[in-house]
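**Q** One structure is given below, represented as structure tokens, and several questions about it will come after.
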Amino acid sequence: MAIGLGVIGMNPTNMGSTATLLKDVPDFKYELRAICAKRADVLEGYAAQIGVGFWTTDYQELVARDDIDVVAVYSPDHLHAEHCAAAIEAGKHVVCTKPMVTNLDDAKRLVELVREKGVKFLVGQTMRFDLQFQTMRRFFDDGELGEIMAAEAYYAHDLRDVYDFTPWRLQVPQDLMFGGVVHPVDILRCFLGDVEEVHAYGAKGKLTPEYPKMNNFFLNLKFINGQIARAMGLYDIVHPPMPMMQVSLYGTGGTMIGDFTDNKGGQVKLILDKMAAKEPLEMTCPPEIDTSVYGHGQTVIRYMRHFQNCLEEDLEPSPNAVDGAKSVAVGVAAWESIRTGQPVKVFNDF
């Protein structure tokens, strides 16, 4: 049986456009039946181009349709709460690109709505579904690393070119603690569990004077299970000669590092304590080139495949609404730490 899909946020240059790739995946049951975006002049032609019969500039019209089972939210960050809540209240399952929301009250509200309506909710954290980090997860799940003692992750991205085709990031402006740092925070939570406490520093870069907020961050994290970690998010920099994203896990049985760069692939490197040779085992992941501007089309296909399986087998998606909320709560605590200069406890009672 086909799964009716509606997408909110369909600018042809953003992540929402990758939803059009789903029609070419043989094992998928998704049918793209409705799209929504702000500009009617662009949307009408785009709908005709991709063969979608219904388009609208009113997201309420989309979520009210009886032929829509799943709503995928790819709108700007500050609109996620509004769009997700409308879809959930209409009884739709939801896929929402990261960050789920940008404040704690909205995070609590969405978690409560998901439970109340009994729908499934997936946060589209692309980093979890990149080949490199899925490979790391396999080694982790197999126990090769032993017990993780410490970890670090970063996401460094010179955003100056990105502002050209997503001007809302400057106009709103986007809060990069949630729109950026949520990447390394979520992947660390994926391996280490809930964050207990955050001590953070933030600063405003000097390359984009028109952006009014802090946009470079360092977070020290203490996890409930006792591990320590650090997360770095740098977005107003000349991109350094290193990968865009990286995760390092330091375990009792080994150390593993994985990295990713948009449209360039990446590597996983592993040293196991049980091996006599201490030269790293290395795996290279080729770039996954597709029609999306970020090169995340195959990653979106993976998480949509995961979501389809959850719908068919009545499984809980991962990361779900609670995961998304807890990552947002880390960002909220980090902002408070920056403001006060003190470590701040993280709200985890969702």
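The values are calculated or read from the model by the stated rules, or taken from the named source; none is laboratory data. None of these values were measured; they are calculated from a predicted model. Note: ideal-geometry Cβ built from the backbone for every residue, glycine included; neighbour counts use all protein chains shown.
**Q** Can you go through Leu110, Leu122, Leu104, Leu131 and tell me which one is surrounded by fewer than 19 Cβ atoms within 10 Å (Cβ to Cβ) and hydrophobic (A, V, I, L, M, F, W, C)?
**A** So the residue among Leu110, Leu122, Leu104, Leu131 that is surrounded by fewer than 19 Cβ atoms within 10 Å (Cβ to Cβ) and hydrophobic (A, V, I, L, M, F, W, C) is Leu104.
**Q** Ok, one more. From the list Gly202, Gly180, which one is surrounded by 16 or more Cβ atoms within 10 Å (Cβ to Cβ), at pLDDT 95 or above, outside the structural domain of Cys96 (by TED's automatic domain parsing) and touching a His at 6+ places or on another chain (Cβ under 8 Å)?
**A** Exactly one residue qualifies, and that residue is Gly180.
**Q** When you scan region 130-152, do you find a residue that is closer than 22 Å to Asp194 by Cβ, touching a His at 6+ places or on another chain (Cβ under 9 Å) and modelled with pLDDT of 95 or more, even just one?
**A** Looking for residues that are closer than 22 Å to Asp194 by Cβ, touching a His at 6+ places or on another chain (Cβ under 9 Å) and modelled with pLDDT of 95 or more, one finds none in region 130-152, hence no.
**Q** Given Met136, Met149, which one is more than 30 Å from Lys38 (Cα to Cα), of a type outside the set (D, E, K, R) and either surrounded by fewer than 17 Cβ atoms within 10 Å (Cβ to Cβ) or free of Cβ contacts under 8 Å to residues at least 60 places away in the same chain (or both)?
**A** Met149
**Q** Next question, about the same structure. Looking at the structure I just gave you, is Leu249 more than 16 Å from Phe133 (Cα to Cα), of a type in the set (A, V, I, L, M) and either surrounded by 14 or more Cβ atoms within 10 Å (Cβ to Cβ) or at pLDDT below 95 (or both)?
**A** no
**Q** Follow-up. How many of the residues making up region 115-133 are free of Cβ contacts under 8 Å to residues at least 12 places away in the same chain and within 21 Å of Leu234 (Cβ to Cβ)?
**A** Count: 0.
**Q** Sort out which residues of region 228-265 are among the small types (Gly, Ala, Ser) and not in a strand (DSSP E or B), and write them in order of number.
**A** Residue satisfying the conditions is Gly253 alone.
**Q** Return yes when Asp41 is assigned by TED's automatic domain parsing to the domain that holds Val95, exposed (fewer than 15 other Cβ atoms within 10 Å of the Cβ) and at pLDDT below 95 and no when it is not.
**A** So Asp41 passes the test.
**Q** Among Ile237, Ile257, which is the only one that is over 20 Å from the mean Cα position of the chain (by Cα), among the aliphatic types (A, V, I, L, M) and either at pLDDT 95 or above or crowded, with 18+ Cβ neighbours inside 10 Å (or both)?
**A** None of the others qualify; the one that does is Ile237.
**Q** Quick one: would you say Ala47 is assigned to a helix (DSSP H, G or I) and over 18 Å from the mean Cα position of the chain (by Cα)?
**A** Answer is yes for this residue.
Residue by residue, here is whether (1) under 30 Å from Lys120 (Cβ atoms); (2) small (Gly, Ala, Ser); (3) touching a residue at least 60 places away in the same chain (Cβ under 8 Å); (4) not assigned by TED's automatic domain parsing to the domain that holds Asn215 holds:
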{"residue": "Asn263", "(1), (2), (3), (4)": "no, no, no, no"}
{"residue": "Lys269", "(1), (2), (3), (4)": "no, no, no, no"}
{"residue": "Pro286", "(1), (2), (3), (4)": "no, no, no, no"}
{"residue": "Glu313", "(1), (2), (3), (4)": "yes, no, no, yes"}
{"residue": "Glu316", "(1), (2), (3), (4)": "yes, no, yes, yes"}
